[in-house]
Each structure stands twice: as C-alpha cells, then as structure tokens.
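Heads up: the structure comes next, in structure tokens.
What follows draws every value from the coordinates through simple rules; no lab data is involved. Here the structure is a predicted model, which is why all the values come from computation and not from measurement. So basically every Cβ, Gly included, is an ideal-geometry build from the backbone, and we count neighbours across all protein chains shown.
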C-alpha cells in the first residue's frame, strides 16, 4: 500500500472575533470564538467564509486545545458548503499562554491540525463529500489561516 500524497485544495483566511470565555469545567476551560468571515483561495476552491460560524474550544488541563469549528462557505459559483472542522492545537506552555492571550506565535512552534468534513448538495463539488481532508492551521491574533489538503 502506498502512502497518501496530499493534494493542496485551498487556503482559508478566517477572521475571528474576541473569544467568549465560558469558564472552567470538569473537562477544562471552554471558549467560543466567533467566525466573522473570510476568504477561500486555491486551485480547487474559491469563495468566501460566511460570518456566523464559531470555533468551540476546550482547553484541557494538559494544555491541548480541542477545536470544533462549524461554519459555511459560499463558493464563487454560488455553491454553499457546510464545514465541521475538528482538530488539536498545542505548543510549549509559554507559547500556548501567548496564543490564549491573543498574541502572535511563530506557526512552526505550534502543532495545529484539523480534519474538516464538508456537506454540499453540488455535484460539481462532490469531491468534498467523498474524500478525507487535512487542515494545517496557523493562529494569528485576529485570524486563522487554514491550508486544506485532500488525502
């Protein structure tokens, strides 16, 4: 069996608002980060990230952020795509503390991987519903950059 060769699909530049700090619970610190909009650019997808989604995070006691983002895309041809994107983000404790305060951290110092799942009724974009994808993330103070690869 051959190892998968990831194919670059698109880059999402997702504008995010200040986090809503829900508070500490039995599983860790809960946060909700609103998604304000953004752009999708790439060889297989192009369009916009629609405002109204959110990233629901759990910051565990070991410092790992469990990410579950839900949002929608409107592609340039008008197609709507629903995205459910789960993943993990972690770094050295001092870097995670900086990220949680909204400060920049060089992306090579942060492990940020996601596994997005897509829903769309469009036959032209059915590949989104028939493959697995990997997202490589980068957190910036007011945005998330997500590079999507088809496996």
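Extension gain for residue 131 to residue 61 (0.36 nm times residue separation, less C-alpha to C-alpha distance): 21.9 nm.
Per residue, the average separation of C-alpha pairs within less than 8 Å and at least 6 apart gives the stretch 91-151 a relative contact order of 31 percent. Per residue of the chain, the DSSP helices (runs of n ≥ 4 H) give a summed -39500 (n - 2.57) that works out to -2000 deg cm²/dmol at 222 nm. Look at 76, 55 and count the other Cβ atoms within 10 Å of each Cβ; fewest to most, that gives 76, 55.
Size of the stretch 73-133: Rg and Dmax of its alpha carbons, in Å, are 16.1, 46. Here the label points at residue 15 and residue 101, each 7 Å from Cα along the C-beta direction, are separated by 2.6 nm in the simple model.
Given an 8 Å cut-off on Cα distances and at least 6 residues of separation, report the relative contact order of the stretch 7-150 as a percent. Normalised by residue count, the contact order of the stretch 7-150 is 22 percent. Given their separation in residues at 0.36 nm each and the Cα-Cα distance between them, residue 46 and residue 113 gain 22.0 nm when the chain is fully extended.
Reducing the stretch 19-88 and the stretch 120-150 to their Cα centroids gives an inter-centroid distance of 11 Å.
Put simply, the chain fits an ellipsoid with semi-axes of 27, 17, 14 Å; these come from the alpha carbon gyration tensor as the roots of five times its eigenvalues, largest first.
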